[in-house]
Amino acid sequence: MNNRSLVLKLLSAVIVFGAWEIAGRIPVSYAFPTFIESMKALYTMVVDGSLFQAYAETLKPLIIGVLISAVLGIIIGLWIGLSEWFDWLFSPIFIVMQAAPLAALIPLLVMIYGIGLTSKVFVVCIMAMPVIVLNTSSAVRNTPSSFIEMGTSFLANRWEVLFKIIIPAASPVIFSGLRLGVSAGFIGAILSELKITPTGVGDIITYSRSIADYASMYAAIFSIIVLAVVFLNLLEMLERVLFEGNVRGYASD
Amino acid sequence: MLQTNALAEDTVLTQTDNAVSVSGVSKNYGEVEALKNLTLDFPRGQLTSLLGPSGCGKTTLLKIIAGLLEPTEGKILVNGSPVTGPGEDRAFVFQDFALLPWASVIRNVAFGLELRGVAKSEREDIANKYIKEVGLEGFEKSFPHELSGGMRQRVGLARALSVDADVLLMDEPFSAVDEQTRRKFQEDLLALVANENKTFIFVTHSIEEAVYVSDQIAILLPRPSRVADIIRPTGLREKDVASIRRDSEYLDIVDEIWASLKSYVE
C-alpha cells in the first residue's frame, strides 16, 4: 500500500518534470528553460551558497508571519466560533481580508509601515490569517452538539469542554486551515519580496529575470515549491503526533 | 446477597423510595409548550420507561432530569435534593452514542471519570472492569469507527456505568442498532436492572420494548405533554427472559397501550 503510493508519487513527478523538459526543448517560449537547465542553475546556487543566503532573508517574514497567523488565527477563530457576538464583530473583517486584492493594498502598507520587515510580515499575515480564522471558527461551530451535551452531562466544566471536546473535534478542519494558511503565507512572502523590496528569493527571481537568466529564475521558483511541500508535510506530521486518533485515513499520505 | 442489600436499603429509605421525583414541571420553547405541569415519580432500583408518540416531550423530560435543560417551572428531586444541573448521581446514555471519535474505547469509557479528576491508572482499572462487563474485552485500544453500532452503544453504556451514578438516564439507547442486537441489549438490560442497584429511566418509542424491559411505564401524550397513564406490569419480572414475549400479560399490555396511543399517531 505504502509502496504503491510512493510509486504513484514518483510517477507523477516523472510526468510533470518530463513535460517540463519537453516543453523547454521545443521550446514553448524563449523565456522557458528546460528542467535540466533549471536544475543545473539550482545546483550552482546551492553550491555557491547564494540560495541559502536568499532563504535566510525570505524565511524571516515568512516564519514570523505564519507563526503569528497560526497562533492568533486559531485563538481568534476559536473565539468567533464560540461567541455569536464575537462572530458578528470580527468575521466580516476576515472575510473582507480574504477577498481583498492584496497587491493593491501593498502600497498602503508601505506608506504606513515602510519597506522593512514589518510590511512583509503584514503581507504574509493578510494572506495566511483569514483562512485559518475562518476554518477554525466554522469547525468550532460545527462541533456535534451531542458531544458537548455528553461532556456537560458527565460534569465537564467550560474549559474541559473546550480543550477535551471542541478543540479535538475541530482539529482536522483547523489543520486543513493551517495547511491552506501556510501555502498562502508562502505566496505572501514571495509577493512581498516582488512588490515591496527585492530581497531573498524574490531578489533572485527579479534579478535573474532582468538579466534573462531564466534557468535561475525557474530554479528559485522550483525551490519555493519544494520548501512549501516540505513545510506542509511537517505540519501533517505534527497533526499526527498531536491528534493520533484523527488519522482515520483522510490525511494525504 | 443483593436481595438483602436491597431489603436493608428499603427499610432505611421507606420515606424516599423514589430515586427521582418530578413535580409540576413545565417547559416552554417560546410559545410552544413542550411539557405542561408534569408530575411523575421514579421508584428506586426499578426501570421506568417514558413512552409516547414522537413530539411528546419524553426526551425533553429526560434532559431536564439530567440537568441538561432547565425547566420553565417545577422541581426535580434526585435522592431528595433538587436538580440544578448535571450531577454525580446521574449518568446519561445517548441515542447517537456520543462517543469521541478520536479517543480509544478505554478513553471513551473512562471519560466520565477523567472529567471527575480520577487518576489515570485508577480510572483505567475501573473502565477495564466495565468494558469486560459489557462484553467488549479485547477492544480497549480500538477506535469507535472500528466498532459496529451495537458495540458502540456498549461503549456508551460502559461509560455511564463506570461513573457509578445512582440513576441511569437512557435516551432511546437501542433505536440506532439493528433488531437482533436490540433484542440482545434488552435481555442484557434486564440482567443489569436486576444486578445493579440503580434506577433506570428509559426513553423509547417502541411499545414492545417498553413492556419488555420496564417495571413501570409512563405513557406521555403530546401537545402539551402530560402523563396519560402509568402501567406497572406485575408478573413479568419473575418470568424467564425468553418467555416474556409469549406471556399473556405482556401481550395484553402491548395491545392496551397501542389502543390508547393509536389516535395520536399521524
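Here are the numbers:
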quantity: Candidate set: region A:140-156, residues that are in contact with a Gly (Cβ under 7 Å, 6 or more places away or on another chain) and surrounded by 19 or more Cβ atoms within 10 Å (Cβ to Cβ); chosen: the one farthest from the other protein chains (Cβ to nearest Cβ); calculated: A:V140
quantity: A:K164 vs. criteria under 30 Å from B:P173 (Cβ atoms), among the basic types (K, R) and either free of Cβ contacts under 8 Å to residues at least 60 places away in the same chain or in a helix (DSSP H, G or I) (or both); calculated: yes
quantity: Search result, residues across region B:79-96 that are surrounded by 20 or more Cβ atoms within 10 Å (Cβ to Cβ), more than 7 Å from chain A (Cβ to nearest Cβ) and touching a residue at least 60 places away in the same chain (Cβ under 8 Å); calculated: B:R90, B:A91, B:V93
quantity: Only listed residue being of a type outside the set (S, T, Y) and at pLDDT 90 or above, chosen from A:G185, A:G200, A:G245; calculated: A:G185
quantity: Test: residue in region B:78-93 that is touching a Pro at 6+ places or on another chain (Cβ under 8 Å) and within 22 Å of B:R223 (Cβ to Cβ); calculated: no
quantity: Options A:I93, A:I165: the member that is of a type outside the set (D, E, K, R) and within 13 Å of another protein chain (Cβ to nearest Cβ); calculated: A:I165
quantity: Checklist (1) crowded, with 16+ Cβ neighbours inside 10 Å; (2) at pLDDT 90 or above; (3) in a helix (DSSP H, G or I) applied to B:G150, failing item; calculated: (2)
quantity: Cβ pairs under 9 Å, 6+ apart, first in region B:179-195 and aromatic (F, W, Y), second in a helix (DSSP H, G or I) and buried (at least 16 other Cβ atoms within 10 Å of the Cβ); calculated: B:F185/B:G150; B:F185/B:Q153; B:F185/B:R154; B:F185/B:L157
quantity: Top-ranked residue in region B:54-78 [being farther than 16 Å from B:V32 by Cβ and in contact (Cβ under 8 Å) with a residue 60 or more places away in the chain; ranked as farthest from the other protein chains (Cβ to nearest Cβ)]; calculated: B:V78
quantity: Residue in region A:195-213 that is outside any helix (DSSP H, G or I), more than 14 Å from chain B (Cβ to nearest Cβ), touching a residue at least 12 places away in the same chain (Cβ under 8 Å) and among the acidic types (D, E) present; calculated: yes
quantity: Residue list for region B:108-147, filter: part of a loop (DSSP other than H, G, I, E, B) and either farther than 23 Å from A:I148 by Cβ or away from chain A (no Cβ under 12 Å) (or both); calculated: B:A119, B:V134, B:G135, B:L136, B:E137, B:G138, B:F139, B:E140, B:K141, B:S142, B:L147
quantity: Residue within region A:174-192 that is surrounded by 17 or more Cβ atoms within 10 Å (Cβ to Cβ) and within 14 Å of another protein chain (Cβ to nearest Cβ) present; calculated: yes
quantity: Check on A:W159, within 30 Å of B:T84 (Cβ to Cβ), surrounded by fewer than 23 Cβ atoms within 10 Å (Cβ to Cβ) and either touching a residue at least 60 places away in the same chain (Cβ under 8 Å) or away from every other protein chain (no Cβ under 14 Å) (or both); calculated: no
quantity: Residue in region B:97-107 that is under 30 Å from B:R226 (Cα atoms), surrounded by fewer than 17 Cβ atoms within 10 Å (Cβ to Cβ) and at the interface with chain A (Cβ under 9 Å from one of its Cβ atoms) present; calculated: no
quantity: Cross-chain or 6+ apart pairs with Cβ under 7 Å, region B:227-249 first and under 16 Å from B:I217 (Cα atoms) and in the same structural domain as B:L261 (by TED's automatic domain parsing), then among the aromatic types (F, W, Y) and assigned to a loop (DSSP other than H, G, I, E, B); calculated: none
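The values are calculated or read from the model by the stated rules, or taken from the named source; none is laboratory data. This structure is a prediction, so every number in the text was calculated from the model and none was measured. For neighbour counting, all protein chains shown are included, and Cβ atoms are generated from backbone atoms with ideal geometry for every residue, glycine included.
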